[in-house]
1. Could you tell me the accessible area of THR207 in Å² (1.4 Å probe, neighbours in place), rounded to the nearest ten?
2. How charged is the neighbourhood of GLY26? Take every other residue with its Cβ under 11 Å from the Cβ of GLY26, and add Lys/Arg as +1 and Asp/Glu as -1.
3. If you average the sequence gap of Cα pairs under 8 Å that are 6 or more apart and divide by the length of segment 129-231, what percent do you get for the contact order?
4. So what's the net charge close to ALA180: Lys and Arg +1, Asp and Glu -1, counting the other residues with Cβ under 11 Å from its Cβ?
5. Accessible area of ILE186, 1.4 Å probe, to the nearest 10 Å²?
6. Round to the nearest 10 and report in Å² the accessible area of MET203, as given by a 1.4 Å probe over the protein chains' heavy atoms.
7. What is segment 94-231 by shape, rounded, prolate or oblate, if you read a ≥ b ≥ c off the alpha carbon gyration tensor as root eigenvalues and call it rounded for a/c under 1.5, prolate for a/b larger than b/c, and oblate otherwise?
8. Could you pull out the pairs from LYS197/LYS218; LYS33/LYS230; LYS149/LYS226; LYS49/LYS226 whose alpha carbons sit more than 18 Å apart here?
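The values are calculated or read from the model by the stated rules, or taken from the named source; none is laboratory data. Owing to the predicted nature of the structure, the values given are computational and were not obtained by experimental measurement. Every residue, glycine as well, gets a Cβ built from its backbone with ideal geometry; the counts of neighbours run over all protein chains shown. These accessible areas exclude ligands, DNA and RNA; they are computed on the full protein's heavy atoms, side chains included. Shrake-Rupley method; radii C 1.70, N 1.55, O 1.52, S 1.80 Å.
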Amino acid sequence: MKLLLLILAALMLHASNAAIAGTISGTVRAEGKAEAENSASSGKYDSRKYKFAERVNYEEMRDFVVYIEGPVAGKPAPHPQTLVVDTRRIAQKGATFVPHILPVVAGTTIEWPNNDEIFHNVFSMSEAKSFDLDLYKGNPPDKKVTFDKTGRVDVFCSIHANMHCVVLVLENPYFAVADAHGRYTIPDVPPGTYKLKAWHERMPPQTQEITVSNEEVKVDFVLGIKNLPKY
């Protein structure tokens, strides 16, 4: 009986917190420098020398991550968890890491299955997490890593030059990966004032201060090469 009362109390507390929580949503996209776009039209990209020089298409950029920076009051750190769902773990398939970008909460353990019929090697020399899983095929049970320190972790394969992914280790679970149209939603955010950051692996991040209540907050971002020191 006492256990049942505790469960009911926990459910009521969760329902109460959900009732006062808010949602953050919006869009995020990237844009290039205007002067670079203008100079491209007068360049020699149609010449034999430069026709294979691939230019950045900012409109097609994907893998934006939007997250609340820092700890969130009243939200304890989650217990370490193992990501075992195909869409959430990082697999090696077609000599590519899938997904390319994966944000996780500090303390999360990620499995690294090799779905190819060739050997791969998963390693990182990042400050937030350094590791080497050696050469392997399949999904041996020991090929997993716990990311216990926040920061950006770049992961590579020592055999294949183009195999690279990023694990973005965050302090709290209030984050989202934007979809193919740049839209994102972060639900169930406790009321408060926060710094909301938009991140992309090859662009300077952008931060906005927001206040969340029990309503939806709309926040849009446009990332670009700006606010960097000039040399």
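1. Solvent-accessible area, nearest 10 Å²: 70 Å².
2. Working: positive: ARG29, ARG183, LYS218; negative: GLU216, ASP220.
That sum, taken over residues with Cβ under 11 Å, equals +1.
3. Details: 94 pairs, mean separation 15.1, N = 103.
About 15 percent, as a whole number.
4. On the way: positive: ARG62, ARG183; negative: GLU60, ASP63, ASP179.
That sum, taken over residues with Cβ under 11 Å, equals -1.
5. 0 Å²
6. The value for MET203 is about 10 Å².
7. Values: a/c = 2.24, a/b = 1.76, b/c = 1.28.
Prolate, because a/c is 1.5 or more and a/b exceeds b/c.
8. On the way: LYS197/LYS218 13 Å; LYS33/LYS230 14 Å; LYS149/LYS226 28 Å; LYS49/LYS226 30 Å.
Exceeds cut-off: LYS149/LYS226; LYS49/LYS226.
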